[in-house]
Amino acid sequence: MKNQIEKIVQDIYLQGWSVVDDFIHEDLRSQLLEEQQDILQHGQFRLAGVGRGDSFQVRPEIRSDKVFWMEPDRLTPLQEKYWILVEDLRVRLNRSCFLGLKSFESHFAMYPIGSFYQRHLDQFKEVSYRIVSVILYLNETWTADDGGALRLFLPSEEGEEKIFDILPQGGRLVVFMSGEIPHEVLTTYRERISITGWLKDR
Ligand code: OGA
Ligand code: MN
């Protein structure tokens, strides 16, 4: 854990993105997955949208996942456990990268079979406060045949973009600069479950 956070901080400092495996204990992963499936069964997930406030729209041709926002002052004990880890990450990113991160927002996300999220940045006009994206995958196992990879578009020395695909393997954490790394979620062939969040500068 400690070493993993150090690795993330160093990766962010040097290249703006990072991937670590087994970020949470297997027990916590399976319990969070179970909790998420409970919420799902009780119909509290909503179709995700694009834009914020007045410009919010459900646009299934752009993204077709469903989300359930966590409320910071009403976290369940399991959600709290994850937030404590992210809080540690926040403090250490500030110390080493001077990002001025002040708070965290996050939601459970469920991508039904056949869904995707087209190429985008996580930081744009209405959500300019999103500085660092933090995604934790909850599915038990995942193979390339299941689809649903997170595709990062990275700068390269030749000036062309380099593609880097990450499978949503349970326990894996992906962290990247929200305003710098375009990314997309490729079509998934299995229900794909994660906690997506953003460290914010306000
Ligand atoms: C997002 C997003 C990526 C993923 O919710 O903005 O890009 O791998 N998610 O779930
Ligand atoms: Mn995104």
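The values are calculated or read from the model by the stated rules, or taken from the named source; none is laboratory data. These numbers were taken from a predicted model, which means no experiment stands behind them. With ideal geometry, Cβ positions are generated from the backbone for all residues, glycine too; neighbour counts draw on all protein chains shown. Surface areas here come from the heavy atoms of the whole protein model, side chains and all, with no ligands, DNA or RNA. Shrake-Rupley method; radii C 1.70, N 1.55, O 1.52, S 1.80 Å.
Just the residues that are under 20 Å from SER64 (Cβ atoms) and hydrophobic (A, V, I, L, M, F, W, C), please, taken from segment 175-190.
VAL185, LEU186
Pull out all pairs, ordered by first then second residue, where Cβ-Cβ is under 6 Å, the residues are six or more apart or on different chains, the first lies in segment 126-152 and is without any contact (Cβ under 8 Å) to a residue 60 or more places away in the chain and within 10 Å of ligand 1 (Cβ to nearest atom), and the second is in a strand (DSSP E or B) and among the hydroxyl-bearing types (Ser, Thr, Tyr).
Qualifying pairs under 6 Å: TYR137/SER194; GLY148/THR188.
Quick one: would you say LEU154 is over 25 Å from ASP22 (Cβ atoms), among the aliphatic types (A, V, I, L, M) and within 16 Å of ligand 2 (Cβ to nearest atom)?
no
If the requirement is being on the phi < 0 side of the Ramachandran plot and at pLDDT 95 or above, which of these qualifies: ASP65, ASP38, ASP22, ASP88?
ASP88
Starting from segment 98-117, keep only residues that are farther than 17 Å from PHE45 by Cβ and among the polar types (S, T, N, Q), then list their pairs with residues that are modelled with pLDDT of 95 or more and away from ligand 1 (no atom under 13 Å from the Cβ) whose Cβ atoms are within a distance under 7 Å, requiring at least 6 positions of separation or different chains.
SER103/LYS200
Take the conditions touching a residue at least 40 places away in the same chain (Cβ under 8 Å) and either within 23 Å of TYR111 (Cβ to Cβ) or aromatic (Phe, Trp, Tyr) (or both) and apply them to LEU28. Does it pass?
yes
Taking LEU93 as meeting all but one of (1) of a type in the set (A, V, I, L, M); (2) within 23 Å of GLU34 (Cβ to Cβ); (3) in contact (Cβ under 8 Å) with a residue 24 or more places away in the chain, write down the number of the exception.
(2)
Which residues, counting only those in segment 39-57, are open to solvent by 60 Å² or more (accessible area, probe 1.4 Å) and under 19 Å from ARG192 (Cβ atoms)?
If the condition is that a residue be open to solvent by 60 Å² or more (accessible area, probe 1.4 Å) and under 19 Å from ARG192 (Cβ atoms), then GLN41, GLN44, ARG46, LEU47 are the ones that fit.
Looking only at segment 35-67, which residues are without any contact (Cβ under 8 Å) to a residue 40 or more places away in the chain, more than 16 Å from ligand 2 (Cβ to nearest atom) and small (Gly, Ala, Ser)?
Across segment 35-67, the qualifying residue is only GLY43.
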